[in-house]
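Rule-based calculations on the coordinates, nothing more; no lab input. Treat the numbers as computed from the prediction; the structure is a model and nothing was measured. Glycine gets a Cβ as well: all are built from the backbone with ideal geometry, and neighbour counts include every protein chain shown.
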Amino acid sequence: MVCLGNICRSPLAEGILQDKSFKAGLTWSIESAGTNSYHTGEPPHPLSQKVAKMNGINISRQRARRFTASDFTVYDKIYALAEDVLQEMKRIAGNEFDNNKVDLLMNELYPGKNMDVPDPWYGPEEGYHEAYKLIEKACDAIVAKYSIPNNEYSMIK
Ligand code: 4NP
């Protein structure tokens, strides 16, 4: 999950997808990062922490880090929270950029619409609630898409 600063949107996305995938019995390894390093090492923004906590998710132990080209060798799927983030990811990853692994997060909910999760960084608390709602719906769609239904799972077993 990648945004610009790794302190507002992508920490929410990391926390929400971790929570939902864990509850769905999936053993995914989920991380977040930012395309800039202004906040490297910092915990998520207090309002992101607050909104997550209001929804029963603790993101206080996360620390911001910068997105790197090597994330393409570590991760199977990389979501950009917005189009400007995606362009920065291309610049940072250079030859390592793998278009097959990347999508805008909101395309999981509204395929092909190329919608951004608006950056709440400069605004009031309401923006953080809005970001949470959008990210949560997209994460629901991801977990539903990749979950193995009960009956299929018993067939595999
Ligand atoms: P985020 O919000 O990308 O959702 O973490 C931002 C936070 C900080 C900055 C930009 C966006 N910044 O440039 O410091």
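What the table below lists for this structure:
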read-out: The chain: most fluctuating residue of V51, V74, V117 per GNM, C-alpha cutoff 10 Å; value: V74
read-out: Theoretical gain in end-to-end length, A24 to S37 [0.36 nm per residue, Cα-Cα removed]; value: 1.4 nm
read-out: Residue with peak Gaussian network fluctuation, the chain [Cα springs, cutoff 10 Å], from Y75, Y110, Y122; value: Y122
read-out: Theoretical ellipticity at 222 nm over the chain - DSSP helices of four or more residues, -39500 (n - 2.57) apiece, nearest 500; value: -13000 deg cm²/dmol
read-out: Given charges at Cβ of Lys, Arg, Asp, Glu: the stretch 41-114 dipole, positive-most of N55, F67, L109; value: N55
read-out: The stretch 1-39 residues near the modelled D76 label - backbone nitrogen below 12 Å, point 7 Å along Cα→Cβ; value: 26-30
read-out: Least to most buried among R66, R91 (fewest other Cβ within 10 Å first); value: R91, R66
read-out: Given K50/K77; K50/K113; K113/K137; K53/K137; K50/K145, the pairs whose alpha carbons are separated by over 25 Å; value: K50/K77; K50/K113; K50/K145
read-out: Value of relative contact order over the chain, rounded to a whole percent, pairs C-alpha under 8 Å and six or more apart; value: 26 percent
read-out: Simple Cβ-charge dipole of the stretch 2-156, Lys/Arg +1 and Asp/Glu -1, about Cα centre, in debye nearest 20; value: 320 debye
